[in-house]
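Structure record follows, encoded as structure tokens.
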Amino acid sequence: MLSLIAALLFCNAVVAGNQQEEALADSVRLALSNAIADARPPKPHFANIQDRLKYLRWLGEMSERLKKRLPDWQVRREFLEATWYEATRAGLDPALVLGLIQVESAFRKYAISPVGAHGYMQVMPFWTRIIGDGDRRKLFNMQTNLRYGCSILRLYLDMERGNLFLALGRYNGSRGRPEYPNAVLAAWKLWEYNR
């Protein structure tokens, strides 16, 4: 507990805007709540061996790239497995999610922004009240944070009719300004895997 408090006190300010709490249709709120409530561990399923091998090569390559940021092999593997699972589950490119995490929290699990966003994907605590159980502490759980972040980004992509630039601005609370979307799009390119 003391290490958690110390980590929270000493984490640097992160690049995060102020996501706006918006009115959501009941059907949207229910769909997001159901996505968040599914607490199954991230276990990927593959249609064929080629897809599984591609995933394993991706996992190995991303693990090498993340070594300096997440030095513990077990933590790094679990983080990458959960990132891949939650990104693909939400219909997002895992490289996009890794780029967003790089910009938002620099891969720091206990990051808190100046406006109060939490964790890897810098999720605003109001989301736990709107679509979760209200426990904002859960945003420091890796899988929970990734699940919220990916679900919220998917929502914003749908709201912006697939316009990634506007969806990223909405995610960061800076819609209409280019700095944040451009930073995430540049980081996305660094995490692309083309083998």
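The values are calculated or read from the model by the stated rules, or taken from the named source; none is laboratory data. Computed from a predicted structure; not experimentally measured. Here the Cβ is made from the backbone with ideal geometry for all residues, glycine too, and neighbour counts use every protein chain on show. In case anyone asks, the SASA skips ligands and DNA or RNA and just uses the protein heavy atoms, side chains included. Shrake-Rupley method; radii C 1.70, N 1.55, O 1.52, S 1.80 Å.
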- [ ] Based on the mean of other Cβ atoms within 10 Å per residue, sort peptides 114-123, 53-62, 160-169, 81-90 so the most packed one is first.
- [x] 114-123, 81-90, 160-169, 53-62
TODO: Starting from the Cα of LYS189, step 7 Å along the direction of its Cβ; do the same at ARG137; then give the gap between the two resulting points in nm.
DONE: 4.3
Task: Neighbourhood charge, 10 Å Cβ-Cβ cut-off, centred on GLU160 and excluding it, Lys, Arg +1 and Asp, Glu -1 - done: +2
Open item on the list: Given a Förster distance of 45 Å, report the FRET efficiency between GLU179 and LYS43 from their Cβ-Cβ distance, rounded to the nearest 0.05.
Closed with: 0.75
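Is there a pair in LYS68/LYS109; LYS67/LYS109; LYS43/LYS138; LYS68/LYS138 whose C-alpha atoms are over 23 Å apart, and which pairs would that be?
Over 23 Å Cα-Cα: LYS68/LYS138.
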Open item on the list: Explain nothing, just compute: Karplus ³J(HN,Hα) = 6.51 cos²θ - 1.76 cosθ + 1.60, θ = phi - 60°, for every residue of the stretch 163-179 in order, whole Hz, x for Gly and Pro.
Closed with: 7, 5, 4, 5, 5, 5, x, 5, 4, 8, x, 10, 3, x, 9, x, 4
Task: Rounded, prolate or oblate (a/c below 1.5 giving rounded, otherwise prolate when a/b exceeds b/c) for the stretch 76-195 by Cα gyration tensor - done: rounded
Task: Percent carbon-and-sulfur accessible area, the stretch 109-195, ignoring ligands, DNA and RNA, probe 1.4 Å - done: 50
